[in-house]
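> Right, I'll just put the structure down here and ask away after.
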Amino acid sequence: MKKTDFICFVALVILCVISFLPIRSTSLIYGIALFGWVQGLLMFAAPLVTLFFVLKSKDSK
């Protein structure tokens with residue numbers, strides 16, 4: 001497995017693991033729990049990491 005594939009895999013595994021953690025957050029930002037913000041950030045970041053490395057590998061060929 002290439003290093004970039006491994007990094008993409010780790011990003012997706014982190015997203016999956018955090019999705020199923022039983023967290024009860026009382027911290028709210030703009031009426032949304034902090035856990036919701038983290039979920040949204042990870043759902044946005046995981047595909048971006050994958051796309052970044054896919055485009056990077058195409059450029060180096």
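We did not get these values from a lab; they are worked out from the coordinates using the rules stated. Bear in mind the structure is a predicted one, so any value in this text is a computation, not a measurement. Every residue, glycine as well, gets a Cβ built from its backbone with ideal geometry; the counts of neighbours run over all protein chains shown.
> Cut-off 10 angstrom, C-alpha nodes, Gaussian network model of the chain. Which of PHE35, PHE44, PHE20 fluctuates the most?
PHE20
> Could you tell me how many degrees, from 0 to 90 and to the nearest 10, lie between the Cα long axis of helix 34-59 and the main elongation axis, the longest principal axis, of the Cα atoms of the chain?
With both axes taken from Cα atoms, the answer is about 10 degrees.
> Normalized C-alpha radius of gyration of the chain, against 2.2 N^0.38 Å?
The reported ratio for this selection is 1.40.
> Go ahead and set up a Gaussian network model of the chain, Cα springs under 10 Å, then flag whichever of LEU51, LEU42, LEU21 fluctuates most.
Comparing LEU51, LEU42, LEU21 in a Gaussian network model of the chain, the most mobile one is LEU21.
> Just to confirm the number: angle between the C-alpha axis of helix 3-19 and the first principal axis of the chain, 0 to 90 degrees, nearest 10?
In the chain, helix 3-19 runs at an angle near 20 degrees to the longest axis.
> Choose one of CYS16, LEU34, PHE6: the residue whose Cα lies farthest towards the positive end of the charge dipole of the chain (beta-carbon charges +1 Lys, Arg; -1 Asp, Glu; about the Cα centre).
Looking along the dipole axis, the top candidate is PHE6.
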